[in-house]
Amino acid sequence: SLTLEYGAHRIGKRTDQMMETWRNYGLGQFIHWGVYALTGGHWDGEYYSGAAEWIRSWDKMPKDAYDQLYKSFDPKNYEPKAWAKQAKEMGAKYMIITTKHHDGFSLWPSKYTDYDVTNSPYGNDIIGPLVEAYDAEGIDVYLYFSVMDWSQPGYRVSLETEEDRTAYEDFKAFTRNQLIELLELYPSAKGLWFDGTWDEAWKEQAVFADELEKEMRAMIPGLIIGSRFRPDDYGNRHFDSNGDLMGDYEQGWERKLPNTYEDTKGNDWDAVMTVPENQWGYHSDWRGHVKSSYELIEMLVKSVSLDGNFVLNFGPDGQGNIRSEEAKLAKEIGDWMKVNQKAIYSCGYLNWQKQDWGYYTQSREDGKIYMVVFNQPLDGKLRVKTADKVILDKVYPLENPGMILTPELIQKNEYFIPVIMDQKWTSPYVIVVESSSTD
Ligand SMILES: C#C[C@@H]1N[C@@H](C)[C@@H](O)[C@H]1O
C-alpha cells in the first residue's frame, strides 16, 4: 500500500459513544432551503428541469437576477418549532440543514460575507432557531456545508495560474472562517455534512483540509464528519488511494442505496434521498416519479438492514412552508414508525441469508431479530435460513407478542414461519425472532 500522510486516519469503524449514537439513528431528515426556493424551479415563466437548488447554473437564469433574489428572502411562514415537531412525529433522530448551498447564500449571520440572511428582508438568523427547535425535540442537528461557493470571487474549479492560486488562498481562508464561525455559533451540532468538494482545486488541498478537519474536531470533541470532505495526498475522496474510508462514515450513497452488505465494505454510511427523482431544493412542479411512503419505508428498512442510516430530504418553499406532499409522507412514515420503530432504532445488519419477503434487522441492544415483511408469500410461509448453530426460541408479530408462531423445520437451520393469513396485512409488518446459539 501507499504511504499516505493525508489519507484515512483510522482503519475501521469509530467505536466512541457519539459515533455509536450516530450509528443507531436509523432515520434522518435532510432540509434543503435557501434563496433558490424562491424560484420554485422556474424563471421568467420557464420550467427548469434540473435540480431546483442548481437553477443558478441554468443557462436561462440570468446570474445577476439570481444574485438579487436574496433581497426578496422574507419567509413569513418559517416556523422552526413546527418543522421540528413534524420531524419528531416522523421519527427522525437527526436532521441535516443546508447552512450554505453551492450558491453561497448563508442562512446564518456570517461575519465573512454580505450574502447572508442579515442582508435579506428577513434579517434574522435562520439556523440558530432551527438548531434550538430540533435540540428541544431531542433530534440531533448536523450542518450541511458546501465548499463550492459560486458567490465567492476566490472560488476556482482548478488552479491554472498564479492568480488562481492567490485567489484560492483567500477562498480557503474564507471557508475556514465560516466553518469555525458555524461551530462557534452552534456548538450543539453533532457533525458536518460536506458537499461541493469535487473540483480539482479542492482536491489539491489535502494538507489544508486535514488541518482544518483537525481544528474542527478539536473544537467539538466527537464531531462527526463524513467521507466527502477531505482529499488525500493524491486527490482521492471518500476512499483514499489505499481504498480506506476517509472520515467517519461513507457519504457516497446519494439518491441510491447499496444492494448488499459487501457494497458497504463494512463501513458506517448514510443514504440521502429525494422524494422526486432529483429535487433537493423546492421545485413547484415535481415531474416524473414521486416516491410513495411505502417505497421510502422500504428504503429505510433496507438501509438499516445493511448497517446504514436513511436520510429523507425536505425542501421548504420560499415562504418557509413544508409542502403538502412532504407533510403527508412525514405523517405516513411516522405512523409506520410508531408501530415498528423497534426494528429500526439501534438496529443493524444480520448475516442470515436475504429472503424475498423482505429484510432482517437486529437490535444492537438486546440481539432481538426483526423480520420486516414487504412481500407476503401467497401461502403465508416466510422462509428463514439462519446462520449456523442458531436456535429459534420465540417467534411472534411485533404488534401481537401473544400470537406465538411455530416455525416449521424444512432442513438444518431452515424453517417456514407460518404467518396467519386471516390478518389483513395492509402495510409492511414485523415478525420478532428471539434466538439463541447452540455453542
Ligand atoms: C449534486 C449535488 C448536491 N448534493 C445533494 C446532497 C444536493 O445538495 C445537491 O444539490
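Here are some notes:
- Helices in the chain, meaning DSSP H runs of at least 4 residues, each add -39500 (n - 2.57). Divided by all residues, the mean residue ellipticity at 222 nm is -7500 deg cm²/dmol.
- A Förster radius of 25 Å combined with the Cβ-Cβ distance from Gln17 to Asp199 puts the calculated FRET efficiency at roughly 0.10.
- In a fully extended conformation the segment linking Asp263 and Trp425 would gain 55.1 nm over its present Cα-Cα distance, using 0.36 nm per residue.
- Placing Asp170, Asp335, Asp356, Asp103 in order of accessible area, with the largest value first and a 1.4 Å probe, yields Asp356, Asp170, Asp335, Asp103.
- Using 0.36 nm per residue and subtracting the Cα-Cα separation, the extra length available between Ser436 and Leu2 on full extension is 151.9 nm.
- Contour excess over end-to-end distance, with Cα ends at Lys354 and Thr161 and 0.36 nm allotted per residue: 64.1 nm
- Inter-probe distance in nm under a simple model that places probes 7 Å from Cα toward Cβ, at Lys76 and Ser57: 3.4 nm
- Each of the peptides 273-282, 116-125 was scored by the mean count of other Cβ atoms within 10 Å over its residues; in descending order, highest first, they stand as 273-282, 116-125.
- Per-residue SASA entry for Lys203, accessible area with 1.4 Å probe, Å² rounded to 10: 60 Å²
- Set of lysines with alpha-carbon distance to Lys265 below 21 Å, sequence-local pairs under 8 removed: Lys13, Lys256, Lys302, Lys354
- Pair Gln68, Ser49: separation of 7 Å Cα→Cβ label points (nm): 2.9 nm
- Highest-fluctuation residue, Leu405, Leu350, Leu329 considered, GNM on the chain with Cα pairs under 10 Å: Leu405
- Using the Cβ-Cβ distance between Glu365 and Lys190 with R0 set to 22 Å, the FRET efficiency from 1/(1 + (r/R0)^6) comes to roughly 0.60.
- Other-chain or far-sequence residues with amide H under 5 Å of Tyr429's (modelled H): Val373
- For the chain, with +1 on Lys and Arg beta carbons and -1 on Asp and Glu, the positive-most of Ser346, Tyr396, Ala65 along the dipole: Tyr396
- Neighbours of Gly348, meaning other residues whose beta-carbon lies under 9 angstrom from its beta-carbon, give a summed charge of +1 when Lys and Arg score +1 and Asp and Glu score -1.
The values are calculated or read from the model by the stated rules, or taken from the named source; none is laboratory data. Everything numeric here is computed off the predicted structure, so don't read it as measured data. Note that we place each Cβ from the backbone using ideal geometry, even for glycine, and neighbour counts take in every protein chain shown. Surface accessibility is based on the protein's heavy atoms, side chains included, excluding ligands, DNA and RNA. Shrake-Rupley method; radii C 1.70, N 1.55, O 1.52, S 1.80 Å.
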